[in-house]
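Written below as C-alpha cells is the structure these notes are about.
Every number in this text was worked out from the coordinates using simple rules, so none of it is lab data. What you see is a predicted model; the values in this text were computed from it and never measured. Here the Cβ is made from the backbone with ideal geometry for all residues, glycine too, and neighbour counts use every protein chain on show.
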Amino acid sequence: MRESGEMYLETILVLSKEKATVRSIDVADHMNFSKPSVSRAVNRLKDDGYLNMSPEGFLTLTDKGLDVAKTIYERHVVLTKILVKLGVDEQIAAEDACKIEHDISPETFAALKKTAAGYID
C-alpha cells in the first residue's frame, strides 16, 4: 500500500473516533484535499477491500483497512511522543512523525517503542 492510502485510512480512523459517521467530504475537509481527489482515493481503497461505503455515503473501514489504519495511527502517536520527549515542539513532532510513520520498518518501530516505553507514557 502506498503512503497516500495509509493516510486516508488513518484519517478515516481518526475521524471515526470523533464522529458517529464519516463521509468523503469529512475526509476532504480534514486533509484539506479536493473532493474529486478524495473520491478517487476512496474508490481505489474500496476496490482494494480496505473500506466500505454505504448507499448514504458513510465510510467504514474493513478489518483489513482497520489493521492498516491502527498500525499507522499507533506509529504516529508513539513517534510523536518520543520526539516531544526529546525536546521537539509538539506540532513539529507530529509533522515529522507523519513523515516517518510510513517508512519506518516494523523492526525499527518495535525497537523504538520498546526502548521508549518507560518514558513516553
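What to note about this one:
- Hits in the stretch 51-77 (condition: without any contact (Cβ under 8 Å) to a residue 40 or more places away in the chain, touching a Phe, Trp or Tyr at 6+ places or on another chain (Cβ under 9 Å) and not in a helix (DSSP H, G or I)): ASN52, THR62
Residues checked against (1) within 17 Å of HIS102 (Cβ to Cβ); (2) within 14 Å of the chain's Cα centre (by Cα):
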position	(1), (2)
TYR8	yes, yes
PRO55	no, no
LEU61	no, yes
LEU79	yes, yes
